[in-house]
Structures are given as C-alpha cells and as structure tokens.
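Working notes for the structure below.
Bear in mind these aren't lab numbers, they're just calculated from the coordinates by the rules spelled out. Just so we're clear, the structure is a prediction, and the values are computed from it rather than from any experiment. Backbone-built Cβ (ideal geometry, glycine too); neighbour counts: all protein chains shown.
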Amino acid sequence: MDNVLLRFEGVHKTFRLGHFFSRNKIHAVWDANFKIENDPIVFTLVGESGSGKTTIANLLLRTIKPTKGTIWFMGKNIENYPKSEFIKQIQPVFQDPFETFNPLKKLETYFQIMLKKMINSKNKVKGLSLFEKSLNAVGLTIEDIKGRYPHELSGGQLQRLSIARSLLVNPKILVADEPVSMLDVSLRISILNLFRKLRDEKLLHVFYITHDLATAYYISDYIAVILKGNIVEAGPAEKLLMTPLHPYTQLLKESVPDLLDKEKKTYKLVNRSVESPREYSEQLCKFILRCPQKKDICDKKAPPNFTVDNTVVRCWLYQKGGV
Ligand SMILES: Nc1ncnc2c1ncn2[C@@H]1O[C@H](COP(=O)(O)OP(=O)(O)O)[C@@H](O)[C@H]1O
Ligand code: SF4
Ligand SMILES: [Mg+2]
C-alpha cells in the first residue's frame, strides 16, 4: 500500500510582474518534487530569504494554485477536496502570534468564535473539552487565558495559543512558516520542542519553514534545501547536514562550522546571490555562478534530480556513470 501522505509532483509557481499582460515573470518555485510519508515527522524546508519557502507554504495551504504540477494529499489532488474538509487536515501556524488574534477581543471569546466556525459544533461541552485538550497539548490551561486579552500574554504563550488554535480541528499537518522568528531567542527552543512533542504525542506532521540552519538541524527528521525556487537537496536531516551532497549544501555547512553544537546561537542564511530575481533562469543550475565544482555540462543543461541512497540531489555531479 502507498505510504505517502503528501506529495509535490513537478510543482511550479510563476508570478507575473507588473500588469496582467507583462512578460516579466518570477519562477518562485520550479519543479518541486518531494513526499512526506505517513509516519509523523518534522519536515523542514530551509533556504535564504526570497528562495520560495512561503510560496511553497501557500501552495500547500491552497491559498495559491500551482502554475503547473500537482500536490497530492492522501492520494487525492488537494484541489479536489472541499475547502471545509481540506482546512481540517492542513493547518497554518503564523509567523507573528500577535497578528493571529484580535487585540480587542478577550482570548476566550476568540476561541468560542473559532470553535463555532471550525468545528461547527453547537455542543458547548464538546467544544470546551476540545478547547481544553488543545490548550493542554501546548502546555497551557484555561486559567492561563481566562479574562485576558492577547497583549497580556508573552509572545511565547501567544504562539502556543496560536498552535492550540490550529489543533482544534485535529489536523494531520501543521505548516509553520518561520514560527519562531518573531520570538525572543530564549523562547524559541521551547516552541521548537513543542513541535517535536506534538509529533510524538499527537502524531502530527510538522512542515517547518526556516532560514535558520541551526534550528533546522535541531528539530528536523528530514530537510529539503531550497535555492531560488529549486529544491537542490532533500534527505534525512542528520545525513544531509553531516555529509551534504550538493555544492550549495556543502557551502552552507562550511558557513556553520559548529552546527553540531545544538545549544548554540542561530545561523541565518543570508541571501548572497548576485543575480536579481528577474534573472532567474529555468535553463541552468541555480548555483552555477557560485559553484566551485562546475562541470562543462552545467553550462548546457539544468540538472535533473538524482537519487543517492535516500537523498535526492539536483546536481550533475551525481549523474550515474559520472560527468
Ligand atoms: N504574489 C507575488 N507576486 C510576485 N512575486 C512574488 C509573489 N510572492 C512571492 N513572490 C516572489 O517570489 C520569490 C519567492 O518568494 P517567497 O516564497 O516569499 O520567498 P521566501 O519565503 O523564501 O522568502 C521572491 O522573489 C518574491 O519576491
Ligand atoms: S549542477 Fe553543476 S553548477 Fe550546479 S551545483 Fe552541480 S556541479 Fe555545480
Ligand atoms: Mg517567507
């Protein structure tokens, strides 16, 4: 039986720049292919700013449609799910918890409205028990929020609450796009630990998006590295970071010498590219201008994906039989 929960198959997203008939386009995501199996994992998409991470999150949450390709969820094209059913399966966690909640509404009022909307339950007792379960799963109690407004909670508590909100519908996947970047460094680890706890206790898949290689290493089971819209390498986290295959992943690792020190700082991937987004070319490897291992073929054709053990790498160096 197919053990695949989610699959991106040849997914492209192109944005037109300027007016409707403009020919200027940005290939924000180019031929994304990856899958997540049924066993709960933290799957991390890591990349520089502008590399296409949020576009992938939006495609996954169905707020935008692929220009080409298909996203499969439990064997069905996500576009074929009724919206009401789909949002119960894949839930977002937003970057800024202060924006998730209405500052003028008491938190319990907000949750009462959410419960009605999300669960469509008129049964108050059932609603309350769900609410309590979700709060407990993120380490909060009703007492923590009773009578309070959003600004009366810390950023960390509020992000927990925002995760509790996503849990109300008992989803299969949480899509967390830079969920700790607005939080104090001291609070970040506790939220990341919470994701791992939810994976283990609630059997949730966490689709974690970050530009911070250290947090990626800290919580991930599986990592996909994205560069200018191309997923250049994807594989089990430990293997990908300890023995990276793609020259770009190798460069990232070199720029983070003490990655193994999990307690240490954060390492942000800065956008060092010299090309402007308009020069994005679908024709050739996205790392060609910086690659120290470039071969003749790299100037002629874009590399396809090659599979090396259980890692997928988009680089000519891994062509079977050599280059
Ligand atoms: N709605 C849009 N219209 C035009 N360009 C967009 C739009 N959304 C994103 N982009 C462009 O697509 C590229 C990828 O953006 P994004 O997915 O937000 O990257 P990231 O989240 O990795 O920073 C960027 O060059 C960005 O400017
Ligand atoms: S395909 Fe060529 S240019 Fe691109 S990373 Fe591999 S060796 Fe370097
Ligand atoms: Mg983003």
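Summary table below
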| quantity | calculated |
| --- | --- |
| Cα centroid of region 81-121 to Cα centroid of region 4-70, whole Å | 24 Å |
| Convex hull (Cα only) mean projected area of region 1-156, reported in nm² to one decimal | 12.7 nm² |
| Estimated distance in nm for a label pair at Gln293 and His151, the labels positioned 7 Å out from Cα along Cα-to-Cβ | 5.3 nm |
| Three-way shape call for region 133-180 based on the alpha-carbon gyration tensor, with the a/c threshold at 1.5 | oblate |
| Region 210-233-region 122-166 distance, computed between alpha-carbon centres (Å) | 30 Å |
| Estimated FRET transfer efficiency (Lys117, Arg62; beta-carbon r; R0 22 Å; 0.05) | 0.80 |
| Relative contact order of the chain, defined on C-alpha pairs under 8 angstrom at six or more residues apart (%) | 21 percent |
| Positive-pole candidate from Phe86, Val4, Thr109, dipole of region 1-133, charges at beta carbon | Thr109 |
| Check: the chain dipole with +1 on Lys, Arg Cβ and -1 on Asp, Glu Cβ, in debye | 1000 debye |
| Computed E for Thr141/Val4 - FRET, C-beta separation, R0 35 angstrom, nearest 0.05 | 0.40 |
| Prolate/oblate/rounded call for the chain, Cα gyration tensor, a/c under 1.5 rounded | prolate |
| Among Lys83, Lys294, Lys172, residue whose mean-square fluctuation peaks in a GNM of the chain (springs only between Cα atoms under 10 Å) | Lys83 |
| Label-to-label distance, nm, for residues given as Lys239 and Lys124 (7 Å Cα→Cβ offset) | 5.5 nm |
| Electrostatic dipole magnitude of region 98-236 [Cβ: Lys, Arg +1; Asp, Glu -1; Cα centre; debye, to 20] | 780 debye |
| Positive-pole candidate from Pro247, Gly156, Asn24, dipole of the chain, charges at beta carbon | Asn24 |
| Estimated dipole of region 1-150 in Debye, rounded to 20 [Cβ of Lys and Arg +1, of Asp and Glu -1, Cα centre] | 700 debye |
| Shape category assigned to region 59-124 from the gyration tensor of Cα positions, a/c cut at 1.5 | oblate |
